[in-house]
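Peer 1: Following this message is one structure expressed as structure tokens.
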Amino acid sequence: MSSRMDTIWSKLDRKSTAIAEFTMRQYRTRISTWVVMIAATVALFLMLLFYIEAMNSEIEAIDNDGDSFDTDGDGYPDGQERLEGTNPDSDASFPSWVEPDPPEKWINEDDIDWDGLSEGENYVGQDDDGDCTSQDTTSQKDTNDNGLECDIIVNIDTVNETIYIDADNYVDEDPDEEKYGKEAGHRAFILGIGKFGIVYLLGIFLPLFLATGLIREEMSDGTIHYMLAKPIARGEVLLYRMLGYLGITWPFIIGLCVTLCLITGFTGPGDGFFRWSDIGVWMSIAWAAMMVSLVYGTIFCGFGIIWKNGVILAIIFAAWELGMAFVAILSGGDSSIRYMSVIGWGMIIVDAGVAISWPDNWFLIETGLWGGGHGEENWLGEINYAPLPGAEPLSAFSGNPNLGVSNWIAFVISTGVLVMQGVAAWFIGQSIFKGKEVD
Amino acid sequence: MSEDTPFEPVESKEESFGAETPVTGQTKMQAAWSGSDDEKSSAQVAQSQQGQIFEQIYQPWTGTLNPRWMRNWAILRHHILGIFKTGHRPWNIPTKLFIFFVIIASMTDVAMALLFGMIGEPTLYDIWGVNRDNLYGHVMGFFPRNILYYPIVAALLVGGMISEDRAHGTSALYFSRPINRFDYASMKFLAVGLILFFIINGTLAVYYFVDILVMGKGWAWIIDTFPMFLSAFICGIILSFTYTSIGLALSSISRGRFFPAIGLVAILMGTRAMASIIDALFDKSVLYVISPYDAVAHVCQALIGTEMTYDHPWVWSLISVVVINGLALYLLASRVSSLEVTRE
Amino acid sequence: MMPDVTQHGTTQTQEWQPVANTPVIMFDRVSKSYGRINALGGVSLGISGGVTGILGMNGAGKSTLFKLMMGKIKPSSGAIKLFGTDPWKNPAPYSRVGFVPEHEKLYDWMTAFDFITTFARLHGMTRDEAETEAKRVLSFVSLSDVMHKKIGQFSKGMRQRVKIAHALVNDPELIILDEPLQGCDPLARTTIMNVIKELGAMGRTVLVSSHILHEIERITEQIVILHRGRILALGNSHAIREMLDQHPHKILLECEKPRELAKSIIKIEEVTGMSFAVPEKLLIETKHLGEVHKKLPETIVNSGLKVTAIDNPDDDLQSILMYLTGGML
């Protein structure tokens, strides 16, 4: 035979395809693989039902500033009286020269128009209904004293990472809940299901089920002897088995993400027939889930090699990662302990992808949390703004890469860190495997 | 086969010597002649017309069988006593250690209540002492009890309960004895359930009664709180029953110890995580009915009378608990009754 | 390439070169202990060419010996050389080795052909080469007609042959078979024995382990007897057999009329003595066990008497061991 080979770590293409193909076929014959994948799909689609229901039901319009109410009972809503310059609190004073508006006209009449904010420019806002520009004096029109009438000051404080909003009276004061809530709800769903459902839950449970026994089950069955009696290093066996595992999990993750992207892209709110800007977010979610499942898979497979009850270690590790997932998602990128985890870096990938695909996302959140500037005043004189529907979930599930670099570089760095974690796990795993006596 | 010639001569075909060949005595004959150096002798045996060299005589067993409960009791104590001493089911060391840890850890409230009760800090004692919320929290508290303690104990216990019997063929040890499958499954169920019950309700009882004894509570207080304790106790039973039935169902459908353990944790955590995402996004709590933990927790909130944290009616959760347990028990029963007594 | 500080053998990346004039397998005072149990104690052994039978009772250290050869476990002391290299942590020499493990578990969901093809590709063969080789080895163990059936449907003997075929796929110079005859019926046994004999005739080095002396004797004359982790005897089986033949064997027959049966059995010339120790039982003594076993069935059938059981009270290997250890078993 001319093709006999005497060294290991050579002819990798032939050996890797052989083991990877073999591993994938082995997965295919196991019922548990199908059970896990079907259960994951069913779970995600169950959540999708709630999303579709929410997208197809109307969000109740709220009169945020209360100007559709006719305080003095003269038939004219407060907003109209203010616009026409009469006193809304006196039934003797009303604009008799116009017909009274129906109250609905003064609901959602002054939407937030902050789309045009660019770097360095922080005066935004537009008085859609004209109740600010119709004020009498300049000081009434410019309550925030920036020299511009009927605008809003938006100051971004990069040191404390807060946004300061100071609006002139009656500007953007009654936003459209339906428009905002659909958009925010849509994004919050993508981020919630993407970060928690796909990157964390799929990313950790697929490896738990599929990778923990990758080597260990062969060892306890005794079938590992066939593989180890071949001129191929144990590190190679581990690597190629992992390839086979990825050959099953990655297409599954990609398939799920593509399906969800298509469904939400067509159902979601927006002017076009498809939400093209979501594609980037879904790509980053899929990529993060793929990288995370790679790292977890290698780690869990290593646990299986170390100890026959490796699943205990794996579950403890998964609990740690669950904690880190909460920290990484709910802190919005403010905690540094997340760097000590796998999931934290996966979330940075998603956050960077979001920042690239939806550059206005953080702005949308702040807008929604401000919600027109109405709310109850506390004893310090600060106003607790009443947020618009969807703003709080979106804020909870959004984050900031916070690496101090541009989003693209954050994307690359976090991917690199995950790859390094995977390589390190593989290296440790193969060193232990190499020194393991296999009975 | 006719009665006077029980052992038909077997054709000497290759397939007939497989593992599925009926025991005829032929192979044994041939093995006895394996000293000769060719197939000639085995061919002779195959052609032997008498075919009656071996005679099998079965003698009926004439001993007395112990009653059924006594046999079942033997299975039950085999599993439970394995936790404490050797010579019974060999639970692995990590499982024993973890159970020990959980028993200690779930008695933190006892220690805290005792501490602040003894040193006389009434405000701190009020936080840790026995009251409606704390009794609920001892059984149903999510973090850490129902994420780190009880589900993990259940996962470790059910891990190899039935699945390893399937993988190693050790179920034959049971089924070759006068034990039926229902007894086998129910004793395994009872063993896991009882260990969980001792951990959850045992520590609950310690918590309650230590408070009475040490703090010298009067009858009025006992009459006030005993119904709460009783409902918390019932909740503990429902909780351990639910975890056990899901876990054993998973154990019965799989081989090895990885799948059932991970499966139980995945079901408990996964459904809860899903429901909480939906709750956070769309402010709808109804998906919690698919989460076994939340369904039980909701029923317990209704039973103990603490503040409800779910928006849907608790009857839905009650139905869900019944359905989840029913499905799991059905799965367990159908799998155990069709279990092949072999090394699979 | 991975650095390996504890590497014992040659570096894995170098082109592996067989060292001239060394035995295929060299054991130099090798010991292996698991905790306090000594599985192998100071075994020195060199084997090249031919079929060698490793004999020993259960727990004698046969499997430990093979596992050491295959680098599955690490020797506690001593040196092992497989084609001149240390096999521990160094799988390079396995390209010239075929190993048949004793484990019965196989990938039941694969066809025999797929199984062998997949594992042939681990030798660095292309898919086509692997398929050609798989067909070759499957016809060598005469499984060509069932090669596209799932292994799960195979009988024990067929499974053993699949394992042997899988080990032969790289045309190895050294073939190690751990209990290949265990649990096989006589026909499969004969096929496997023929395969092993043929391999020996092809000039390969073959190692076969067993605990039944007659099986090994049908394959090879060169045997190594292991007992309690030590080599008790090694060499030609005829020499060992000579010693054994001085030692009388016993065969126990269970029958209705032992005295009548004795009349016909006494005609077998190799039978040296008979006794009726227990009622309905006949004890035959002989120094030529094989011959007697050959003639016994015919004699019994001709006598027309009912024999309910035939038993060798002293197992061959046990009697050899008894002899070799001077009764200190």
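The values are calculated or read from the model by the stated rules, or taken from the named source; none is laboratory data. Values in this document were obtained by computation on a predicted structure and should not be read as measured data. We place every Cβ from the backbone using ideal geometry, glycine too, and count neighbours over all the protein chains shown.
Peer 1: Considering every residue within the stretch A:276-286, establish whether at least one is under 30 Å from B:A261 (Cα atoms) and of a type outside the set (D, E).
Peer 2: Yes - at least one qualifying residue is present in the stretch A:276-286.
Peer 1: Now for a separate question. Would you mind stating whether A:S10 is free of Cβ contacts under 8 Å to residues at least 40 places away in the same chain, part of a loop (DSSP other than H, G, I, E, B), farther than 21 Å from A:F252 by Cβ and within 14 Å of chain C (Cβ to nearest Cβ)?
Peer 2: Criteria met by A:S10.
Peer 1: Here is a further query. Given the conditions (1) outside any helix (DSSP H, G or I); (2) at the interface with another protein chain (Cβ under 9 Å from one of its Cβ atoms); (3) not β-branched (V, I, T), report the number of the one that A:S431 does not fulfil.
Peer 2: A:S431 satisfies every listed condition except (1).
Peer 1: Among C:G200, C:G183, C:G229, C:G273, which is the only one that is among the small types (G, A, S) and outside the structural domain of C:L122 (by TED's automatic domain parsing)?
Peer 2: Details: C:G200 fails: outside the structural domain of C:L122 (by TED's automatic domain parsing); C:G183 fails: outside the structural domain of C:L122 (by TED's automatic domain parsing); C:G229 fails: outside the structural domain of C:L122 (by TED's automatic domain parsing).
The conditions single out C:G273.
Peer 1: Here's a follow-up. Conditions first: (1) at pLDDT 95 or above; (2) out of contact with any Gly (no Cβ under 8 Å at 6 or more places or on another chain). A:Y245 passes all but one, so which condition is the exception?
Peer 2: (2)
Peer 1: Moving to a separate point now. What's the total number of residues in the stretch C:177-196 that are more than 15 Å from C:S210 (Cα to Cα) and touching a residue at least 40 places away in the same chain (Cβ under 8 Å)?
Peer 2: Residues meeting the conditions: 2.
Peer 1: Here are A:C261, A:C301: which of them is in contact with an Asp or Glu (Cβ under 7 Å, 6 or more places away or on another chain) and under 22 Å from A:G346 (Cβ atoms)?
Peer 2: Going through A:C261, A:C301 in turn, the sole match is A:C261.
Peer 1: Given (1) surrounded by fewer than 18 Cβ atoms within 10 Å (Cβ to Cβ); (2) part of a helix (DSSP H, G or I), identify the lone condition not met by B:R177.
Peer 2: (2) is the only condition that B:R177 fails.
Peer 1: Then there is this: What number goes with the only condition from (1) part of a loop (DSSP other than H, G, I, E, B); (2) more than 25 Å from A:F317 (Cβ to Cβ); (3) in the same structural domain as A:S336 (by TED's automatic domain parsing) that A:D439 does not pass?
Peer 2: With (1) part of a loop (DSSP other than H, G, I, E, B); (2) more than 25 Å from A:F317 (Cβ to Cβ); (3) in the same structural domain as A:S336 (by TED's automatic domain parsing) applied to A:D439, the lone miss is (3).
Peer 1: Do we find a residue being closer than 30 Å to A:M55 by Cα, out of contact with any Pro (no Cβ under 6 Å at 6 or more places or on another chain) and within 14 Å of chain A (Cβ to nearest Cβ) anywhere in the stretch B:244-252?
Peer 2: Taking every residue of the stretch B:244-252 in turn, none turns out to be closer than 30 Å to A:M55 by Cα, out of contact with any Pro (no Cβ under 6 Å at 6 or more places or on another chain) and within 14 Å of chain A (Cβ to nearest Cβ).
Peer 1: Having 2 or more residues that are at pLDDT 80 or above and under 26 Å from the mean Cα position of the chain (by Cα) is the bar; report the helices (runs of 4 or more DSSP H) wholly within the stretch A:129-228 that clear it.
Peer 2: Qualifying helices (runs of 4 or more DSSP H): A:177-191, A:203-210.
Peer 1: Do any helices (runs of 4 or more DSSP H) entirely within the stretch B:246-344 hold 1 or more residues that are over 27 Å from A:V199 (Cα atoms), in the same structural domain as B:P94 (by TED's automatic domain parsing) and not charged (D, E, K, R), and if so, which?
Peer 2: Output list reads B:292-304, B:314-337.
Peer 1: Please state which of the following conditions A:Q126 fails to meet, knowing it meets all the rest: (1) in contact with a Gly (Cβ under 6 Å, 6 or more places away or on another chain); (2) without any contact (Cβ under 8 Å) to a residue 60 or more places away in the chain.
Peer 2: Of (1) in contact with a Gly (Cβ under 6 Å, 6 or more places away or on another chain); (2) without any contact (Cβ under 8 Å) to a residue 60 or more places away in the chain, only one is false for A:Q126: (1).
Peer 1: Under 17 Å from the mean Cα position of the chain (by Cα), at pLDDT below 85 and more than 14 Å from chain B (Cβ to nearest Cβ) - does that describe any residue in the stretch A:338-354?
Peer 2: So far as the stretch A:338-354 goes, yes, one or more of its residues are under 17 Å from the mean Cα position of the chain (by Cα), at pLDDT below 85 and more than 14 Å from chain B (Cβ to nearest Cβ).
To keep it simple, each residue is scored yes or no on (1) outside the structural domain of C:I196 (by TED's automatic domain parsing); (2) modelled with pLDDT under 90; (3) assigned to a loop (DSSP other than H, G, I, E, B).
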| position | (1), (2), (3) |
| --- | --- |
| C:L45 | no, yes, no |
| C:W88 | no, yes, yes |
| C:P93 | no, yes, no |
| C:G98 | no, no, no |
| C:E102 | no, yes, yes |
| C:F115 | no, no, no |
| C:M125 | no, yes, yes |
| C:V137 | no, no, no |
| C:S142 | no, yes, yes |
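Peer 1: Restricting attention to the stretch B:111-144, which residues are crowded, with 19+ Cβ neighbours inside 10 Å and either modelled with pLDDT of 90 or more or among the hydroxyl-bearing types (S, T, Y) (or both)? First the steps, then the outcome.
Peer 2: Going through the stretch B:111-144, the residues crowded, with 19+ Cβ neighbours inside 10 Å turn out to be B:113-114, B:117, B:125, B:128-130, B:134-136, B:138-140.
B:Y125, B:N134, B:L135, B:Y136, B:H138, B:V139, B:M140 - these are the residues of the stretch B:111-144 that are crowded, with 19+ Cβ neighbours inside 10 Å and either modelled with pLDDT of 90 or more or among the hydroxyl-bearing types (S, T, Y) (or both).
Peer 1: Would you point out the residue of the stretch A:357-380, among those that are under 15 Å from A:Y164 (Cβ atoms) and more than 17 Å from the chain's Cα centre (by Cα), that is nearest to the other protein chains (Cβ to nearest Cβ)?
Peer 2: For the stretch A:357-380, the residue satisfying everything is A:L369.
Peer 1: Still on this structure, please answer the following. Got a sec? Which of B:G63, B:G117, B:G82 is free of Cβ contacts under 8 Å to residues at least 24 places away in the same chain and in the same structural domain as B:G236 (by TED's automatic domain parsing)?
Peer 2: Among B:G63, B:G117, B:G82, only B:G82 is free of Cβ contacts under 8 Å to residues at least 24 places away in the same chain and in the same structural domain as B:G236 (by TED's automatic domain parsing).
Peer 1: Count, please, the residues in the stretch A:362-394 that happen to be in contact with a helix residue (DSSP H, G or I) (Cβ under 7 Å, 6 or more places away or on another chain) and more than 19 Å from A:D172 (Cβ to Cβ).
Peer 2: 1
Peer 1: Take C:M147 and tell me if it is farther than 24 Å from C:N194 by Cβ, more than 14 Å from chain B (Cβ to nearest Cβ) and of a type outside the set (F, W, Y).
Peer 2: no
Peer 1: Which pairs turn up if I take residues in the stretch A:31-45 that are under 14 Å from B:S291 (Cα atoms) and look for partners that are among the hydroxyl-bearing types (S, T, Y) and surrounded by 19 or more Cβ atoms within 10 Å (Cβ to Cβ) with beta carbon separation below 8 Å, at least 6 apart in sequence or on another chain?
Peer 2: Filtered contacts from the stretch A:31-45: A:A43/B:T271.
Peer 1: Look through the stretch A:216-236, keep the residues that are surrounded by fewer than 21 Cβ atoms within 10 Å (Cβ to Cβ) and among the acidic types (D, E), and return whichever of them is farthest from the other protein chains (Cβ to nearest Cβ).
Peer 2: Going through the qualifying residues, I end up with A:E217.
Peer 1: Still on this structure, please answer the following. So which pairs qualify, if the first residue must be in the stretch B:267-287 and within 7 Å of chain A (Cβ to nearest Cβ), the second must be buried (at least 22 other Cβ atoms within 10 Å of the Cβ) and not in a helix (DSSP H, G or I), the Cβ gap must be under 8 Å, and the two must be at least 6 apart or on different chains?
Peer 2: As it stands, the answer is B:M274/B:S291, since those pairs meet every condition given.
Peer 1: Looking at C:L40, C:L65, C:L106 in this structure, which one is crowded, with 24+ Cβ neighbours inside 10 Å and not in a strand (DSSP E or B)?
Peer 2: Just one listed residue meets the conditions, C:L65.
Peer 1: Within the group C:T117, C:T111, C:T126, which residue is facing another protein chain (nearest Cβ under 8 Å), closer than 29 Å to A:Y27 by Cβ and either crowded, with 18+ Cβ neighbours inside 10 Å or in contact with a helix residue (DSSP H, G or I) (Cβ under 7 Å, 6 or more places away or on another chain) (or both)?
Peer 2: Residue meeting the stated conditions: C:T126.
Peer 1: Where in the stretch B:111-169 are the helices (runs of 4 or more DSSP H), entirely inside, with at least 1 residues that are away from chain A (no Cβ under 13 Å) and within 24 Å of the chain's Cα centre (by Cα)?
Peer 2: B:132-140, B:150-158, B:163-168
Peer 1: Considering each of A:G203, A:G213, A:G247 in turn, give the residue that is under 17 Å from A:V36 (Cα atoms), assigned by TED's automatic domain parsing to the domain that holds A:S293, in contact (Cβ under 8 Å) with a residue 24 or more places away in the chain and surrounded by fewer than 24 Cβ atoms within 10 Å (Cβ to Cβ).
Peer 2: Just one listed residue meets the conditions, A:G247.
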